[in-house]
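Peer 1: Can you keep this structure in mind? I'll have questions shortly.
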Amino acid sequence: MLIFEQSKAGRRAVAQAPLDKADVSDIPEQFRRKKPAALPEVSEMQVVRHYTRLSQRNFSIDTEFYPLGSCTMKYNPRGSNALAMLPGFLGRHPSAPESHSQGFMACMYDLQQILKEVTGMQQVSLTPAAGAQGEFAGVAMIKAYHDARNDTARNEILVPDAAHGTNPASAVMCGYQVREIPTGPDGDVDVEALRKVVGPQTAGIMLTNPSTVGVFERRIEEIAKLVHEAGGLLYYDGANLNAILGKVRPGDMGFDVIHMNLHKTFSTPHGGGGPGAGPVGVSERLIPYLPVPMVDHDGDKYIWLTEEECPDTIGRLSAFAGNAGVLLRAYIYARMLGKGGMSRVAEYSTLNANYMLKRMQEAGFEAAYPDRRATHEFIITLRKQAKELDVNTMDFAKRLLDYGMHAPTTYFPLLVPECLLIEPTETEDKETLDAFIDAMIAIQAEAESDPEQVKGAPYSLPVRRLDDVKAARELDLKWTPDTH
Amino acid sequence: MPFIPHTEAEIRDMLETIGVTSIDELFDEVPDNLRCQALNDVPEAMSELEISQLMDRRAREDGQASCFIGAGAYDHHIPAAVWAIATRGEFYSAYTPYQAEASQGTLQLLYEYQSMMTALTAMDVSNASLYDGASALAEAVLMAVRGNRKSKSKRILMPRTLHPAYRQVVVNIVKNQGIELVELPFDQATGGTDMAALEGHAGEDFTALVIPQPNFFGVLEDVDALTDWAHANKMLAIAVVNPVALALLNPPGEWGEKGADIVCGEGQPLGAPLSSGGPYFGFLCCTQALVRQMPGRIIGKTVDLDGKVGFALTLQAREQHIRRSKATSNICTNQGLMVTAATIHMALLGSEGLERVAAASHSNTKKLVQMLQRINGVEVIFSNPYFHEVVIRLPAPVKDVLRSLAAHNVLGGFDLGQDYPELDEALLVCATEKRTEQEMENFAQKLERIISLQGGVTCKLVPKE
């Protein structure tokens with residue numbers, strides 16, 4: 001039942017608004033609203049009960065295993081949340097003067113330093129609000145760099161066919177054309193194909209390493225050399241940074257610009273789809289173009305760096321300083337991990353993924369890249385099940401929900417048929433991994449003995465499979481008083 | 001090991017299953033010369049207690065000043081229930097609702113959010129949010145360029161009365177796509193968009209006119225005239241509004257003859273704390289005709305196999321994970337948790353509650369203006385009516401005054417001279433419903449004292465008639 005359907009004319013959560021209605025007669029009638037907005041009229045308890053119940057209709061990390069590949073759904077420490085929500089932080093106005101911001105700015109400065117160190121980049125700007133905005137910032141810096149050198153014939157960004165959809169979309173938003181690079185049968189970028197297309201029109205290449213097929217790009221140095229020699233720059237999509245944290249640094253691999261998804265690697269909550277945070281880091285030559293604001297330290301106090309101090313910046317991407325509260329959570333997490341904890345993230349997420357892969361292979365599931373070492377995630381292809389049993393990846397995914405586990409990422413990357421991209425993360429214990437594998441084995445048995453059982457799943461959730469076609473054809477995007 | 005549950009015995013067991021002798025062996029595909037050394041610039045680990053002590057100290061350092069700054073972020077009361085529910089793990093630690101059956105809570109909530117936003121703005125459709133108000137305006141501009149078939153120009157009219165940071169962000173985001181932003185000056189007497197300058201563009205090919213209400217100065221624009229003018233000149237009308245103000249002010253869907261085409265703005269006043277500028281959320285609404293040009297997530301109502309009502313992401317063919325380089329935007333996540341809070345906030349306050357908040361804020365600002373105007377040389381600059389934020393002229397350098405006020409723990413407003421050299425003695429002040437009579441009196445007393453100590457300065461601006 002919608003909150004609107006619980007509405008009763010005249011009911012209110014009285015304590016939550018000013019008790020007296022102030023006089024606004026100085027605002028002329030022509031500017032005033034004629035009819036109140038049709039928001040629900042409900043009591044405070046109704047609201048609390050309704051949204052508490054809605055929350056219970058979700059899977060989440062706090063309640064279920066959530067091995068969603070490429071999303072790094074690891075435990076979000078409650079401590080990070082509690083400390084980021086201290087009144088001093090929540091109450092700080094974004095335009096408060098530096099004299100009233102030193103505590104907050106100290107955290108931001110420290111976080112910039114930590115991110116520089118773990119990525120091997122020369123400077124970091126925290127401001128992009130999410131991974132996709134970080135990508136936009138990164139490509140915009142590449143463009144600014146070429147433009148500043150009057151190297152304006154470069155109109156192409158190279159993107160592997162396995163890349164996240166945001167990569168080509170971000171390149172287009174910066175005015176570039178996108179050229180796809182194929183992935184070889186071993187999961188690495190096809191370097192020979194790259195060699196053929198890289199040239200004077202190449203502005204840069206966007207890579208994820210480990211790639212979205214869950215393997216480490218072994219020829220990365222060769223790729224970097226190839227692109228750099230052609231005058232292009234290398235962009236690192238930090239979606240999979242969890243896999244290499246403290247083990248390999250993008251800066252050392254030759255990348256010129258990277259974005260990090262702090263909601264993945266630094267464990268800030270995904271919040272049902274945001275807010276994220278997508279800081280960018282750059283090599284020496286891109287420092288002038290970093291988005292503002294950033295924080296600097298002049299020896300005894302923290303100061304903002306804005307358009308004034310950074311005249312070549314690509315500018316600001318949000319009205320203020322990005323998702324500050326998310327950045328605080330990431331900072332707190334980073335401090336709790338500390339120096340030694342960074343590499344453990346990569347080590348144990350990789351251990352978990354390789355353990356799962358091995359056990360799943362032993363159980364008869366087909367790895368997409370059986371000759372490769374898994375990184376923090378790996379791909380299983382269910383093409384045989386789809387062909388022989390007519391039970392496809394989506395069926396397995398939906399059935400997993402009945403077993404009390406969120407499905408892995410399905411049908412991505414697009415180049416592996418019937419794929420499940422599985423990312424357990426380092427925060428899961430062995431019992432949970434085993435339970436997932438047991439569930440997959442049980443579903444396989446069901447698929448063989450009673451495929452309809454799997455194809456009809458899920459059964460135990462608030463709804464069964466939804467009609468997406470109807471949702472798109474007969475658009476119903478809001479409740480209205482007349483139609484309901 | 002913080003947040004890693006493995007025991008020694010389990011690690012051995014797992015390595016044995018994999019068939020390797022050490023965890024390090026799992027990185028054997030990484031070239032040796034790329035392996036990194038110890039991260040010396042990362043400090044040693046802290047326990048939760050230790051980091052609590054550090055964060056407590058830093059949070060306290062920033063103090064709880066008495067805040068009279070608005071300028072795009074407003075300090076409203078947030079009911080305790082809002083964040084108590086929004087931070088439930090089931091909302092907080094879930095992800096984008098790709099598996100709809102396991103995400104009905106988030107999906108239904110987003111559908112309710114879309115319903116509330118369309119009700120507030122009087123528009124047909126809302127998406128499930130964007131990053132913030134400024135980036136939402138950038139997306140609105142891109143959407144207008146895609147959606148206005150009558151215009152080929154990719155030129156947008158953008159008033160100078162729009163939030164300066166929004167103007168910068170729009171330029172930064174759209175400039176590489178060949179879109180030109182043309183600035184409209186403001187009327188120095190009224191503080192509204194200069195209608196004569198606007199008329200000078202009549203008949204020219206523009207894609208859209210941006211209309212802020214209230215504008216950055218708190219001034220109410222003649223939105224009916226502006227909207228009708230845009231439509232008469234084959235432009236789309238893009239409204240930039242404060243959602244709390246909409247409980248009191250005419251909604252964009254009802255501006256002029258036909259209403260605005262696209263509505264966007266900063267969602268922060270609906271339940272998001274000031275929090276140093278984020279996370280907030282941008283909202284974006286439009287007419288039915290433009291729905292397929294909309295960026296970001298959209299939730300639709302549908303039915304399941306048994307005919308039971310359910311909710312799902314819809315129109316995904318617009319989005320980057322399907323259309324890649326041909327998507328309407330590169331946006332992937334939205335600001336889900338902020339929208340969760342906003343939905344609960346709007347449900348708690350309702351239309352009546354939001355109207356009371358808007359009225360109380362406006363009334364407080366009026367009170368503050370009365371108190372400040374008693375000080376010799378302090379005056380309201382613009383003649384148009386305003387909503388809950390107002391530009392005053394100070395008889396002393398604004399920067400110095402603000403610094404002195406801050407020393408008394410009063411954040412006295414936003415210094416307009418930074419962005420408007422023509423208003424270099426002007427201060428933008430705001431008093432939400434949270435500012436008490438006592439705080440306002442304190443502000444006025446401190447200001448009077450500071451001004452009397454610093455002495456008057458001749459003012460270049462023509463005072464209000």
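The values are calculated or read from the model by the stated rules, or taken from the named source; none is laboratory data. Because the structure is a prediction, the values reported are computed rather than measured. For neighbour counting, all protein chains shown are included, and Cβ atoms are generated from backbone atoms with ideal geometry for every residue, glycine included. Only protein heavy atoms, including side chains, enter the accessible area calculation; ligands, DNA and RNA are left aside. Shrake-Rupley method; radii C 1.70, N 1.55, O 1.52, S 1.80 Å.
Peer 1: What helices (runs of 4 or more DSSP H) lie completely within segment A:207-294 and have 1 or more residues being closer than 25 Å to A:Asn155 by Cβ, open to solvent by 10 Å² or more (accessible area, probe 1.4 Å) and in contact (Cβ under 8 Å) with a residue 12 or more places away in the chain?
Peer 2: A:220-229
Peer 1: Regarding segment A:317-335, can at least one residue be identified that is in contact (Cβ under 8 Å) with a residue 12 or more places away in the chain, on the phi > 0 side of the Ramachandran plot and at the interface with another protein chain (Cβ under 7 Å from one of its Cβ atoms)?
Peer 2: Looking through segment A:317-335, at least one residue is in contact (Cβ under 8 Å) with a residue 12 or more places away in the chain, on the phi > 0 side of the Ramachandran plot and at the interface with another protein chain (Cβ under 7 Å from one of its Cβ atoms).
Peer 1: Looking only at strands (runs of 3 or more DSSP E) that fall completely inside segment B:155-262, which ones have 1 or more residues that are without any contact (Cβ under 8 Å) to a residue 40 or more places away in the chain, among the hydrophobic types (A, V, I, L, M, F, W, C) and within 27 Å of B:Glu425 (Cβ to Cβ)?
Peer 2: Working: elements: B:155-159, B:180-184, B:208-213, B:236-241.
Answer list for segment B:155-262: B:180-184.
Peer 1: Please find, within segment A:338-348, the residue that is nearest to A:Asp110 (Cα to Cα) out of those that are small (Gly, Ala, Ser) and facing chain B (nearest Cβ under 7 Å).
Peer 2: The residue in question is A:Gly338.
Peer 1: Would you tally the residues in segment B:15-29 being at the interface with another protein chain (Cβ under 8 Å from one of its Cβ atoms), farther than 16 Å from A:Thr375 by Cβ and not β-branched (Val, Ile, Thr)?
Peer 2: The total comes to 2.
Residue by residue, here is whether (1) out of contact with any helix residue (DSSP H, G or I) (no Cβ under 7 Å at 6 or more places or on another chain); (2) farther than 25 Å from B:Leu270 by Cα holds:
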position: A:Val14; (1), (2): yes, no
position: A:Ala17; (1), (2): no, no
position: A:Lys34; (1), (2): yes, no
position: A:Pro40; (1), (2): no, no
position: A:Ser43; (1), (2): yes, no
position: A:Thr52; (1), (2): no, no
position: A:Glu64; (1), (2): yes, yes
position: A:Tyr75; (1), (2): yes, yes
position: A:Leu83; (1), (2): no, no
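Peer 1: Please return the ranges of strands (runs of 3 or more DSSP E) entirely within segment A:106-189 where 3 or more residues are more than 8 Å from chain B (Cβ to nearest Cβ) and either within 18 Å of A:Asn261 (Cβ to Cβ) or of a type in the set (Ser, Thr, Tyr) (or both).
Peer 2: Once the strands (runs of 3 or more DSSP E) in segment A:106-189 are filtered for at least 3 residues that are more than 8 Å from chain B (Cβ to nearest Cβ) and either within 18 Å of A:Asn261 (Cβ to Cβ) or of a type in the set (Ser, Thr, Tyr) (or both), nothing remains.
Peer 1: Going through segment A:296-316 one residue at a time, which ones are more than 11 Å from every other protein chain (Cβ to nearest Cβ) and either in a strand (DSSP E or B) or buried (at least 19 other Cβ atoms within 10 Å of the Cβ) (or both)?
Peer 2: Step one: list which residues in segment A:296-316 are more than 11 Å from every other protein chain (Cβ to nearest Cβ), which gives A:296-301, A:303-305, A:309-312.
Within segment A:296-316, A:Asp296, A:His297, A:Ile303, A:Trp304, A:Leu305, A:Cys310 meet the criteria.
Peer 1: Which residues, counting only those in segment B:417-426, are in a loop (DSSP other than H, G, I, E, B) and more than 23 Å from the chain's Cα centre (by Cα)?
Peer 2: Across segment B:417-426, the qualifying residues are B:Asp424, B:Glu425.
Peer 1: Next question, about the same structure. What's the number of the condition A:Asn354 fails, among (1) within 24 Å of the chain's Cα centre (by Cα); (2) free of Cβ contacts under 8 Å to residues at least 40 places away in the same chain; (3) not assigned by TED's automatic domain parsing to the domain that holds A:Leu414?
Peer 2: For A:Asn354, the failing item is (3).
Peer 1: Out of all the residues in segment A:31-50, which are in a helix (DSSP H, G or I), facing another protein chain (nearest Cβ under 7 Å) and touching a residue at least 12 places away in the same chain (Cβ under 8 Å)?
Peer 2: Those that are in a helix (DSSP H, G or I), facing another protein chain (nearest Cβ under 7 Å) and touching a residue at least 12 places away in the same chain (Cβ under 8 Å): A:Glu44, A:Val47.
Peer 1: Select from segment B:263-285 the residues that are assigned to a loop (DSSP other than H, G, I, E, B) and within 10 Å of another protein chain (Cβ to nearest Cβ) and write down the one among them that is surrounded by the fewest Cβ atoms within 10 Å (Cβ to Cβ). Give the steps one after another, and end with the answer.
Peer 2: Keep residues of segment B:263-285 that are assigned to a loop (DSSP other than H, G, I, E, B), which gives B:267-274, B:278-281.
From the residues that got through so far, the ones that are within 10 Å of another protein chain (Cβ to nearest Cβ) too are B:268, B:272-274, B:278-281.
Details: B:Gln268: 31, B:Ala272: 31, B:Pro273: 22, B:Leu274: 24, B:Gly278: 29, B:Pro279: 31, B:Tyr280: 33, B:Phe281: 31.
In this case the residue turns out to be B:Pro273.
Peer 1: Here is a further query. Would you be able to tell me the number of residues in segment B:130-146 that are within 16 Å of B:Thr328 (Cβ to Cβ) and crowded, with 24+ Cβ neighbours inside 10 Å?
Peer 2: Result for segment B:130-146: 11.
Peer 1: What's the number of the only condition in (1) facing chain B (nearest Cβ under 7 Å); (2) within 15 Å of B:Tyr113 (Cα to Cα); (3) open to solvent by 70 Å² or more (accessible area, probe 1.4 Å) that A:Met1 fails to meet?
Peer 2: (1)
Peer 1: So which of B:Gln53, B:Gln99 is open to solvent by 30 Å² or more (accessible area, probe 1.4 Å), among the polar types (S, T, N, Q) and over 22 Å from A:Ser343 (Cβ atoms)?
Peer 2: Working: B:Gln99 fails: open to solvent by 30 Å² or more (accessible area, probe 1.4 Å).
Every option except B:Gln53 fails the conditions.
Peer 1: Applying the selection to segment A:451-473, what residues are more than 8 Å from every other protein chain (Cβ to nearest Cβ) and either open to solvent by 70 Å² or more (accessible area, probe 1.4 Å) or of a type in the set (S, T, N, Q) (or both)?
Peer 2: Restricting attention to segment A:451-473, the residues satisfying the condition of being more than 8 Å from every other protein chain (Cβ to nearest Cβ) are A:451-455, A:457, A:459-460, A:469, A:473.
Matches in segment A:451-473: A:Glu452, A:Gln453, A:Tyr459, A:Ser460, A:Val469, A:Arg473.
Peer 1: Still on this structure, I have one more. In segment B:394-416, what count of residues is obtained for those that are surrounded by fewer than 16 Cβ atoms within 10 Å (Cβ to Cβ) and part of a helix (DSSP H, G or I)?
Peer 2: Applying the first criterion (surrounded by fewer than 16 Cβ atoms within 10 Å (Cβ to Cβ)) to segment B:394-416 yields B:397, B:399-400, B:403, B:407, B:409.
Keeping just the survivors that are part of a helix (DSSP H, G or I) gives B:399-400, B:403, B:407.
Selection size over segment B:394-416: 4.
Peer 1: Here is a follow-up. Checking A:Val292 against (1) farther than 18 Å from A:Leu233 by Cβ; (2) touching a helix residue (DSSP H, G or I) at 6+ places or on another chain (Cβ under 8 Å), only one condition comes out false. Which one?
Peer 2: For A:Val292, the exception is condition (2).
Peer 1: Among the residues of segment B:369-383 satisfying the criterion of being open to solvent by less than 40 Å² (accessible area, probe 1.4 Å) and not small (Gly, Ala, Ser), which is nearest to B:Leu453 (Cα to Cα)? Talk me through it step by step, then tell me what you get.
Peer 2: Going through segment B:369-383, the residues open to solvent by less than 40 Å² (accessible area, probe 1.4 Å) turn out to be B:369, B:371-372, B:375, B:377-378, B:380-382.
If we keep only those that are not small (Gly, Ala, Ser) as well, we get B:369, B:371-372, B:375, B:378, B:380-382.
Numbers: B:Val369: 21, B:Met371: 19, B:Leu372: 16, B:Ile375: 13, B:Val378: 15, B:Val380: 22, B:Ile381: 23, B:Phe382: 27 Å.
Per the stated criteria, the residue is B:Ile375.
Peer 1: Inside segment A:349-363, can you point out the residues that are at the interface with chain B (Cβ under 7 Å from one of its Cβ atoms) and either closer than 12 Å to A:Ala374 by Cα or among the small types (Gly, Ala, Ser) (or both)?
Peer 2: The answer is A:Thr350, A:Leu351, A:Asn354, A:Tyr355, A:Lys358.
Peer 1: Please go through segment A:252-289 and give me each residue that is hydrophobic (A, V, I, L, M, F, W, C) and either touching a Gly at 6+ places or on another chain (Cβ under 9 Å) or in the same structural domain as A:Thr427 (by TED's automatic domain parsing) (or both), ordered by number.
Peer 2: A:Met253, A:Phe255, A:Val257, A:Ile258, A:Met260, A:Leu262, A:Ala277, A:Val280, A:Val282, A:Leu286
Peer 1: I'd like to know if segment B:163-179 contains one or more residues that are under 19 Å from the mean Cα position of the chain (by Cα), within 28 Å of A:Lys21 (Cα to Cα) and at the interface with chain A (Cβ under 10 Å from one of its Cβ atoms). Even if it seems obvious, please write down each step before you answer.
Peer 2: Taking segment B:163-179 and keeping what is under 19 Å from the mean Cα position of the chain (by Cα), we get B:163-174.
Still in the running and within 28 Å of A:Lys21 (Cα to Cα): none.
No.
Peer 1: Does segment A:77-97 contain any residue that is more than 7 Å from every other protein chain (Cβ to nearest Cβ), open to solvent by less than 10 Å² (accessible area, probe 1.4 Å) and under 30 Å from A:Cys419 (Cβ atoms)?
Peer 2: Looking for residues that are more than 7 Å from every other protein chain (Cβ to nearest Cβ), open to solvent by less than 10 Å² (accessible area, probe 1.4 Å) and under 30 Å from A:Cys419 (Cβ atoms), one finds none in segment A:77-97, hence no.
Peer 1: In addition: For segment B:287-294, indicate whether the set of residues that are open to solvent by less than 10 Å² (accessible area, probe 1.4 Å) and either in contact with a His (Cβ under 6 Å, 6 or more places away or on another chain) or more than 24 Å from A:Leu39 (Cβ to Cβ) (or both) is non-empty.
Peer 2: Scanning segment B:287-294 turns up no residue that is open to solvent by less than 10 Å² (accessible area, probe 1.4 Å) and either in contact with a His (Cβ under 6 Å, 6 or more places away or on another chain) or more than 24 Å from A:Leu39 (Cβ to Cβ) (or both).
Peer 1: Moving on. How many residues are small (Gly, Ala, Ser), more than 7 Å from every other protein chain (Cβ to nearest Cβ) and not in a loop (DSSP other than H, G, I, E, B) if we restrict to segment B:286-344?
Peer 2: 4
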